[in-house]
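Asks: Take this structure, written in structure tokens, and hold onto it; I'll ask about it next.
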Amino acid sequence: CAKPASKASSSVLSQPAPSPKKKAAPAGPPCDRDTLVRLVKAANEAADADEEERAVDALKAILKENVSADLLVETQVGKKIKKLCKHANSSVSAASSDVMKRWQK
């Protein structure tokens, strides 16, 4: 005959694991090509000019856009954002990493 499990271990096993909080993808109309290219260009130019705050603002604006996989393939902007992930400024690299993570979902 098997021993009954203790109350502490059975309550832990019966509880579902907490789900990680994910940022929801932006809803709304898809982003158009010109808007995406303009925002990526602004982020790159600001980062090159050591205007970190402006670069982060542009990257945050990209996060708000509903970017399709087809548009990413067409524009190849992921390559430019990936380079910003290695930027010397931690705010710029973190914001660009957030963009890359969103697009990988």
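Asks: Return yes or no: is LYS105 of a type outside the set (S, T, N, Q), closer than 16 Å to LEU39 by Cβ and open to solvent by 30 Å² or more (accessible area, probe 1.4 Å)?
Replies: no
Asks: So, one more: Is at least one residue of region 69-77 under 15 Å from the mean Cα position of the chain (by Cα) and surrounded by 13 or more Cβ atoms within 10 Å (Cβ to Cβ)?
Replies: Yes, region 69-77 contains a residue that is under 15 Å from the mean Cα position of the chain (by Cα) and surrounded by 13 or more Cβ atoms within 10 Å (Cβ to Cβ).
Asks: Could you check region 39-68 and list, in sequence order, the residues that are surrounded by fewer than 14 Cβ atoms within 10 Å (Cβ to Cβ) and either touching a residue at least 12 places away in the same chain (Cβ under 8 Å) or not aliphatic (A, V, I, L, M) (or both)?
Replies: Correct list: LYS41, GLU45, ASP48, ASP50, GLU53, LYS64, ASN66, SER68.
Asks: Looking at region 25-38, which of the residues that are part of a helix (DSSP H, G or I) and not charged (D, E, K, R) is surrounded by the fewest Cβ atoms within 10 Å (Cβ to Cβ)?
Replies: THR35
Asks: Separate question: Name the residues in region 78-104 that are under 9 Å from the mean Cα position of the chain (by Cα), touching a residue at least 40 places away in the same chain (Cβ under 8 Å) and farther than 20 Å from GLY28 by Cβ, would you?
Replies: Hits for region 78-104 are ALA95, SER96.
Asks: Those residues that are under 13 Å from the mean Cα position of the chain (by Cα) and among the charged types (D, E, K, R), I need them from region 50-68; list them, please.
Replies: Hits for region 50-68 are LYS60, LYS64, GLU65.
The values are calculated or read from the model by the stated rules, or taken from the named source; none is laboratory data. Treat the numbers as computed from the prediction; the structure is a model and nothing was measured. Cβ: placed from backbone, ideal geometry, glycine included. Neighbour counts: every protein chain shown. Side chains included, ligands, DNA and RNA excluded: accessible areas come from the protein's heavy atoms. Shrake-Rupley method; radii C 1.70, N 1.55, O 1.52, S 1.80 Å.
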